[in-house]
1. Outside the structural domain of residue 187 (by TED's automatic domain parsing), under 29 Å from residue 130 (Cβ atoms), at pLDDT 90 or above and crowded, with 18+ Cβ neighbours inside 10 Å: is that true of residue 14 in this structure?
2. So if I check each of 183, 173, 160, 151, which one is aliphatic (A, V, I, L, M), within 24 Å of residue 92 (Cβ to Cβ) and either at pLDDT below 95 or surrounded by fewer than 18 Cβ atoms within 10 Å (Cβ to Cβ) (or both)?
3. Identify the residue in the stretch 106-134 that is of a type in the set (A, V, I, L, M, F, W, C) and in contact with a Pro (Cβ under 7 Å, 6 or more places away or on another chain) and, among all such residues, is nearest to residue 80 (Cα to Cα).
4. Conditions first: (1) under 19 Å from residue 80 (Cβ atoms); (2) surrounded by fewer than 19 Cβ atoms within 10 Å (Cβ to Cβ); (3) touching a residue at least 40 places away in the same chain (Cβ under 8 Å). Residue 138 passes all but one, so which condition is the exception?
5. Any idea which residue in the stretch 141-164 is nearest to residue 37 (Cα to Cα), counting only those that are in contact (Cβ under 8 Å) with a residue 40 or more places away in the chain and of a type in the set (A, V, I, L, M, F, W, C)?
6. One residue is enough: does the stretch 50-64 have a residue meeting the conditions touching a residue at least 24 places away in the same chain (Cβ under 8 Å), on the phi > 0 side of the Ramachandran plot and not assigned by TED's automatic domain parsing to the domain that holds residue 158?
7. Could you say whether any residue in the stretch 165-177 is assigned by TED's automatic domain parsing to the domain that holds residue 108, more than 29 Å from residue 111 (Cβ to Cβ) and free of Cβ contacts under 8 Å to residues at least 24 places away in the same chain?
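The values are calculated or read from the model by the stated rules, or taken from the named source; none is laboratory data. None of the values given here were measured: they were computed from a predicted structure. When we count neighbours, we look across all protein chains shown, and the Cβ atoms used for this are built from the backbone with ideal geometry, even at glycine.
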Amino acid sequence: MSVILVQNSLVSKRYLETIKALDGKLYHLEYHQERLNTTLQTNKTHNLSTLLDPPRDGLYRCRVLYDADTIKIEYIPYIKRHIRSLKLLTSETLEYAKKYEDREDLNRLFEKREGCDDILVVKNALVSDTSIANIAFYDGEQWVTPKTPLLYGTTRKRYLETGKIVEKEITVLELKRYKKVALMNAMIDFDIIAEENIGDIIC
């Protein structure tokens, strides 16, 4: 099921929001609306609370594609990807500061993961994100997340605001000192994928 609104025929670069919907309830919509407004640099834009109408039964990924003039909304049944291994890959040119529909560069890097479930991107010698999520590491006292992610995610922002995580620059060499790893995005929230030796998931 999808909704397409077109206000004029001029289509610019499109952006993406992914919003969790469970049994008709939308999660953390205010964070997605804020990012949409920030991306378009205006408050006079698409009102997600009036446009979204997810199915009443089941878990769905609300996929919102938009620019200043158009919006397309799809409700896709969500199946979680189980990630238990991460391939460290370096890219000095990859940019994903805004949540673009176009993920071609990120997808090309993902294809180099070999036998791993996902990638962990290293940029300027610092750890950033996986292909689908922000990341956090536990050092025995607190959860830390890379200070320079590829994307400033909505779930990451929520947990920074509540103090559950803190920002820190993390080098590849520092990874071995952490005890746990968690991934963060709108669909999985805060998902711990390693609780003992994180070296076991880095491939």
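1. So residue 14 does not fit the description; no.
2. Numbers: 183 fails: either at pLDDT below 95 or surrounded by fewer than 18 Cβ atoms within 10 Å (Cβ to Cβ) (or both); 160 fails: within 24 Å of residue 92 (Cβ to Cβ); 151 fails: either at pLDDT below 95 or surrounded by fewer than 18 Cβ atoms within 10 Å (Cβ to Cβ) (or both).
Only one candidate passes the filter, namely 173.
3. Looking only at the stretch 106-134, we keep the residues that are of a type in the set (A, V, I, L, M, F, W, C), and these are 106, 109-110, 116, 119-122, 125-127, 132-133.
This time we only want the ones that are in contact with a Pro (Cβ under 7 Å, 6 or more places away or on another chain), so: 126-127.
Working: 126: 27, 127: 24 Å.
Among those residues, the one meeting the criterion is 127.
4. (1)
5. 151
6. Taking every residue of the stretch 50-64 in turn, at least one turns out to be touching a residue at least 24 places away in the same chain (Cβ under 8 Å), on the phi > 0 side of the Ramachandran plot and not assigned by TED's automatic domain parsing to the domain that holds residue 158.
7. Yes; the residues of the stretch 165-177 include at least one that is assigned by TED's automatic domain parsing to the domain that holds residue 108, more than 29 Å from residue 111 (Cβ to Cβ) and free of Cβ contacts under 8 Å to residues at least 24 places away in the same chain.
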